[in-house]
Amino acid sequence: MAIRTILKYPDPGLSKRCEPVTVFDATLTSLAHDLLDTMRAAPGVGITAAHVGVFTRLVVLELSKETGPRFYVNPEVLSASDELMRHMEGSVSMPGANDEVERPRRIRFRYQDLDGAVHEEDAEGFYSICMQHEIDQLDGIFWLKRLSRLKRDRLLRKWDKGK
């Protein structure tokens, strides 16, 4: 497969809402494996097609080497717990920058696999956080938008100095 170029913040593509996948074919599978290679090279634990400028609803997560990579097409949150948790987040599009974000601890979500079969799953803790983060990206919500204005401004000042 291939390592693709990752869009860097503040590329306008990172604010673009992605279109649903309607064709489940070898092109989609090839894109998914390119995303996996790109994410591993970055490195990261999650990536979307939007991160490489392909505005379609595809997510790759690899939360551990033991569980291996997972591919999610057209993922959507169905429900979320009232209980929240904080976790450090960042992005392959903004390497080296991270801050604490608060999100629901548990979600139930629906997605399709690379063959188009529909699945529903529960996610909790780190898995839940990662899935919400990547679905946000598919919706054009870059993770910085989840920070308070004060935290976001502070992080952006540090980011601008480091470039």
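The values are calculated or read from the model by the stated rules, or taken from the named source; none is laboratory data. Note that this is a predicted model, so its numbers are computed, not measured. When we count neighbours, we look across all protein chains shown, and the Cβ atoms used for this are built from the backbone with ideal geometry, even at glycine.
Quick look at the values:
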quantity	calculated
Of all residues making up the range 84-127, the number that are among the β-branched types (Val, Ile, Thr) and free of Cβ contacts under 8 Å to residues at least 12 places away in the same chain	1
Given (1) within 17 Å of residue 92 (Cβ to Cβ); (2) not in a loop (DSSP other than H, G, I, E, B), number of the condition residue 8 does not satisfy	(2)
Output for the range 54-80, where each listed residue is surrounded by fewer than 16 Cβ atoms within 10 Å (Cβ to Cβ) and among the polar types (S, T, N, Q)	64, 67, 79
Filtered residues of the range 113-129 (kept if more than 20 Å from residue 31 (Cα to Cα) and of a type outside the set (S, T, N, Q))	119, 120, 121, 122, 123, 124, 125, 126, 127, 129
Residues located in the range 84-130, provided they are under 16 Å from the mean Cα position of the chain (by Cα), surrounded by fewer than 19 Cβ atoms within 10 Å (Cβ to Cβ) and basic (Lys, Arg)	110
The range 63-86, residues that are over 25 Å from residue 23 (Cα atoms) and either aliphatic (A, V, I, L, M) or modelled with pLDDT under 95 (or both)	63, 64, 65, 66, 67, 80, 84, 85
Boolean, residue 38 is among the polar types (S, T, N, Q), surrounded by 17 or more Cβ atoms within 10 Å (Cβ to Cβ) and farther than 18 Å from residue 142 by Cα	yes
Exclusive hit being without any contact (Cβ under 8 Å) to a residue 40 or more places away in the chain and crowded, with 17+ Cβ neighbours inside 10 Å, set 136, 160	136
Cross-chain or 6+ apart pairs with Cβ under 7 Å, the range 54-69 first and touching a residue at least 60 places away in the same chain (Cβ under 8 Å) and over 18 Å from residue 41 (Cβ atoms), then surrounded by 10 or more Cβ atoms within 10 Å (Cβ to Cβ) and among the polar types (S, T, N, Q)	57/74
Long-range neighbours under 8 Å by Cβ, at least six apart or interchain, first residue free of Cβ contacts under 8 Å to residues at least 60 places away in the same chain within the range 13-30, second assigned to a helix (DSSP H, G or I)	13/50
Residue 44 vs. criteria closer than 20 Å to residue 144 by Cα, outside any loop (DSSP other than H, G, I, E, B) and touching a residue at least 12 places away in the same chain (Cβ under 8 Å)	no
So residue 102, is it closer than 18 Å to residue 71 by Cβ and out of contact with any helix residue (DSSP H, G or I) (no Cβ under 7 Å at 6 or more places or on another chain)	no
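Table: residues versus (1) within 26 Å of residue 128 (Cβ to Cβ); (2) under 13 Å from the mean Cα position of the chain (by Cα); (3) buried (at least 20 other Cβ atoms within 10 Å of the Cβ); (4) not small (Gly, Ala, Ser).
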| position | (1), (2), (3), (4) |
| --- | --- |
| 8 | no, no, no, yes |
| 19 | yes, no, no, yes |
| 25 | no, no, no, yes |
| 42 | yes, no, no, no |
